[in-house]
Amino acid sequence: MRLPLIFLGLLVAGFGCTPSHSPDHKSNAADWVIVNAHILTMDPDYPQASAIAFKNGSIVAIGDNSAVADWTGEDTQVISLSGQTVLPGFIDTHIHSIEGALATEACDLEDQPLELSNLQSQIQSCAEKHTEGWLQLINLASAGTTLDRWQLDSFLPHRPLMIISTDAHTAWVNSKALELAGVDADSPSPAQGKIIRNDEGEPTGMLVDAATTLVSQHLPEVDRVTRARLLDKTLQQLVANGITAFLEANADQKSIDTFCDLVAANKLVHKVNLALGSQGSLAKEERTRLDALRKQALDCGIQADTIKLYADGVMEFPTQSAALLSPYLDKDGQPTNRAGDLYLESKGLQRFFRQAMEDDFSIHVHAIGDAAVRQSLDALDAVKEVRGATRFSLTHLQLIAPEDINRFAPLQVLAAMQLYWAQPDTYSVDALQPYLGNERHQRIYPARSLWQHGALITGGSDWNVSTFNPFMAMAVGRDRKAPDERSTASLNVNQGLPLQVLLEAYTRNAAQLLGRDGETGSLQVGKAADLIILDRQLAPDMAGTALAQTQVTHTFIDGRLVYTKPIQ
Ligand SMILES: [Zn+2]
């Protein structure tokens, strides 16, 4: 058996790819071998295999069952499947794992449509659970919601109350909360945010984008031990969903502390890149702050090599803080005088990009409206000569002008998309269609157009805005409808992507966004053994429900089994 195997290895190597290496002797046996599998490698030169072997954290052989036979020693653990799919571990390129972890203990409105009376009873039951101090409710389905502090005062007059929308870009607070935060008629709106006021100039209690932090900074602090405990719990859910690496989308000093606490407790198994949140200030202090944070993270072994900026806000009514090239329409379809605000000035953005690139930071920009997308592309274009190895990604990308779609590929801009959002719902239809008009609404979440023009799409959940389950996002990304049998309506179905492209978005392409494509994102000899086993075999045209319900049975990170699905 030995000789033919070596011969086969050489033969294949001679054609430019090396699906397997044979070990020198038996003591070189692999730690794990998986056989009889349907392996989608995401390696374009060798896309499919049926067996894989890994040792000391790295893949040592991939091919058919015979390719791993010589790697199978006495101590090798062998998993023999019956054709279930094996994939590289999923990589989420936009997640808020800490904010999401902390929110798991808050009163959750679960993004359900709410009548006012219903909201009142939810506030009441939250107040019974948390009997003192601030009251915080999360995940209000904000599409079309009109609330003010006087209504909230009638529900809860004596305690400070903060209600946060599902997308976390809008908050509604009562008068007590405004008072404690020191926000009144004379308070100016902060940069990148807005205090909404009535005709008399009084704050109504609705706060948009950065203005939400005027109040949220007064919420009681969660202690460090609790933060680490909740993050640990969340990360365990991520491995159960096959996620082995991610970009933390808006990290600060406290996020670094929490991740470092998990490292110190030997509990961090994921490959993590932190994107440091910045308002894009050109002040020297900001440059120093970002550099110090990166160093602090690196000291405990975590990459904080990316800066996250906001180019604009969100598009849904009533918030409408996303920057558009032409104005929002009123509910009768007439143009208003509002097109949203660009949060950064164009020349300043260019200078910030240039500086970040000179400092070897990668850049991740929240860009939702077509004006924000264009501004970011223009600014990158203007400074591309200093780019070097900087990775550049735009995220959310709800609306892109048709003439900007083909700029992503030549500028090497990664499109980090939340494709779970690309289904009909109140936020994607009722809160958008009237205010954008049909022509623009028929172009939202232009995934297929981007792909057809050569852009690399990466998967990202934006959890806890929406589920981090990649199969749910892929089912919607392919079919552009809710992943259940009853739903028939779709959202711009011509923008659906093939399953293979969606799998690449969550693996190979996503690894590029993290700068880890030499290390993970595809199953190849020499790469880390970051891989998952599924409970079924994937097929390009499988039913959306079956795709959405796919479960992970085993997750390996660096060759270590970090999750096994409990037997039911
Ligand atoms: Zn986000």
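Couple of notes before you dig in:
- Taking amide H as placed 1.01 Å from N in the peptide plane, W32 has its amide H under 5 Å from the amide H of F54, Q77, each at least 5 places away in sequence or on another chain.
- The orientation-averaged shadow of the Cα convex hull for the chain, equal to a quarter of the hull surface, comes to 27.6 nm².
- Packing-based exposure ordering (other Cβ within 10 Å, fewest first) of K176, K527: K176, K527
- Euclidean distance of C-alpha centroids, the range 480-512 and the range 171-244, integer Å: 32
- Student exercise, the chain dipole from Lys, Arg, Asp, Glu Cβ charges, in Debye to nearest 20: 1100
- Proxy reagent accessibility, fewest Cβ within 10 Å first, across M315, M162: M162, M315
- Judged by the mean number of other Cβ atoms found within 10 Å, the most tightly packed of the peptides 530-541, 50-61, 373-384, 286-297 leads the ranking 50-61, 373-384, 530-541, 286-297.
- CD proxy at 222 nm, helix term only [per DSSP H run n ≥ 4: -39500 (n - 2.57); per residue of the chain; nearest 500]: -8500 deg cm²/dmol
- Modelled spin labels at H130 and R560, positioned 7 Å past Cα toward Cβ, are 3.4 nm from each other.
- Between the residues A339, H158, H366, the greatest Cα displacement towards the positive end of the dipole of the chain, with unit charges on the Cβ of Lys, Arg, Asp and Glu, is found for H366.
- For the range 315-497, the dipole from Cβ point charges (+1 on Lys and Arg, -1 on Asp and Glu) about the Cα centre works out to 300 debye, to the nearest 20.
- Rounded to 5, the percent of DSSP beta bridges in the range 121-241 classed as antiparallel: 70
- Based on C-alpha pairs under 8 angstrom that are at least 6 apart in sequence, the chain has a relative contact order of 16 percent.
- Globularity ratio of the range 97-216, using Cα Rg and 2.2 N^0.38 Å: 0.99
- Dividing the Cα radius of gyration of the range 315-497 by 2.2 N^0.38 Å, with N the residue count, gives 1.04.
- Residue order, fewest to most surrounding Cβ atoms within 10 angstrom, among V493, V476, V465, V501: V493, V501, V465, V476
Values quoted throughout were computed directly from the atomic coordinates according to the rules given, and no laboratory measurement underlies them. Quick caveat: nothing in here was measured; it's all calculated off a predicted structure. FYI the Cβ positions are ideal-geometry reconstructions off the backbone, even for glycines, and counts take in every protein chain you see.
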